[in-house]
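Data block below; observations after.
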Amino acid sequence: ISRYVNMVIVKLNKKDVIMDKIVEMRDSGKYNFLFAIIGPEQPIADGFTDSLEDLNIPCIAPTQKYAQIETNKLFCRNLLKSIENKRHTRISPDYTHATTINEVNDFSIKHSNNVVIKKTGLCGGKGVYVSDDHFSSNDEYQNICQHLLDNSVEFILEEKLIGNEFSLMTFCDGNGHYLHMPPIRDFKRAFNNDDGPNTGGMGCLIMENNTLPYLDDNDIQISCEINEYVAKELQESLGVNKNNIGYRGVLYGSFMKTTDGKIKVIEYNCRFGDPEVIIALHLLKNDFFDLCKD
């Protein structure tokens, strides 16, 4: 890459230094920044988009307030609940924001110990504890929750979903236009037969005709519509930015087709999925640069 570009290595926790460098490069007259792409979740969460757009550099990434769809799992579930109320359809598992051990126990009893514990903040894909995977008894479940409560770590509890997972990413321009990528299956667990722990991603695949064998056209259509509902609900609930732009960037829905044939949302990311983006861009027939400009 460095052969074709002017590459500058920076520390992502030095936002002011990065912005100063961008201003210096822009003011030198040597560079004309058409747009910026922000890949990882942390700089999006830290408001890099907001700072760049203050410099009149449009971003392929949402502003900090929209990024809450990924950075705050409780915010995400509450937003999905608003969509459910408007659309009269269920797209989320049952969930609760537990703040006491009694609430922890009540939720476990309600779902016969088939529960998932999720830290609400960013954890690099490793802040989730699933029954039968990360804990196998009620005592272990209570110990995890008690540890989080004792350390003032916010978390939610969800009913455990059973089925086949897939990712569906959507390009959003912030003006109500959407282009959907095909569904891609990510494999998070290490080792053969998924025997190991969750990782950031061990690889991914897509099958013939840009689909997956457990999905039909209606499943894919529903997933595309849910992504659009989320982008619209974010704009309705949080408003547009100073340039009258809504959610702009990639909206990544992580879905499951459950054993009863329903499409449910596992979580949302506000960026490209890794490694799913490799397949998505490999399949892309358009010029990616033109797509970003559009």
Checklist outcome for this item: Filtering segment 230-242 down to residues that are open to solvent by less than 50 Å² (accessible area, probe 1.4 Å) and either farther than 23 Å from Thr63 by Cα or part of a helix (DSSP H, G or I) (or both) yields Val230, Ala231, Glu233, Leu234
Checklist entry - Any residue in segment 103-114 that is in contact (Cβ under 8 Å) with a residue 40 or more places away in the chain, open to solvent by 40 Å² or more (accessible area, probe 1.4 Å), of a type outside the set (Gly, Ala, Ser) and touching a Lys or Arg at 6+ places or on another chain (Cβ under 7 Å)? => result yes
Checklist entry - Gly196 fails exactly one of the following numbered conditions: (1) free of Cβ contacts under 8 Å to residues at least 40 places away in the same chain; (2) open to solvent by 80 Å² or more (accessible area, probe 1.4 Å). What is the number of that condition? => result (2)
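Residues are listed down the side, and each one gets a yes or a no for (1) assigned to a loop (DSSP other than H, G, I, E, B); (2) out of contact with any Phe, Trp or Tyr (no Cβ under 8 Å at 6 or more places or on another chain); (3) surrounded by fewer than 18 Cβ atoms within 10 Å (Cβ to Cβ):
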| position | (1), (2), (3) |
| --- | --- |
| Glu228 | no, no, yes |
| Asn244 | yes, yes, yes |
| Phe255 | no, no, no |
| Asp274 | yes, yes, yes |
Checklist outcome for this item: Scanning segment 125-150 for residues that are open to solvent by 40 Å² or more (accessible area, probe 1.4 Å) and over 18 Å from Asp195 (Cα atoms) gives Ser137, Asn138, Asp139, Glu140, Gln142, Asn143, Gln146, His147, Leu149, Asp150
Checklist outcome for this item: If we keep only residues of segment 90-130 that are closer than 20 Å to Phe255 by Cβ and of a type in the set (Gly, Ala, Ser), then the residue nearest to the chain's Cα centre (by Cα) is Gly125
Checklist entry - From the list Asn32, Asn56, Asn85, which residue is open to solvent by 40 Å² or more (accessible area, probe 1.4 Å) and part of a helix (DSSP H, G or I)? => result Asn85
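The values are calculated or read from the model by the stated rules, or taken from the named source; none is laboratory data. The structure presented is a predicted model; accordingly, all values stated were derived computationally and were not measured. Because the Cβ atoms are built from the backbone with ideal geometry, glycine has one as well, and the counts that use them run over all protein chains shown. Remember, those area values only see protein heavy atoms, side chains included, never the ligands or the DNA or RNA. Shrake-Rupley method; radii C 1.70, N 1.55, O 1.52, S 1.80 Å.
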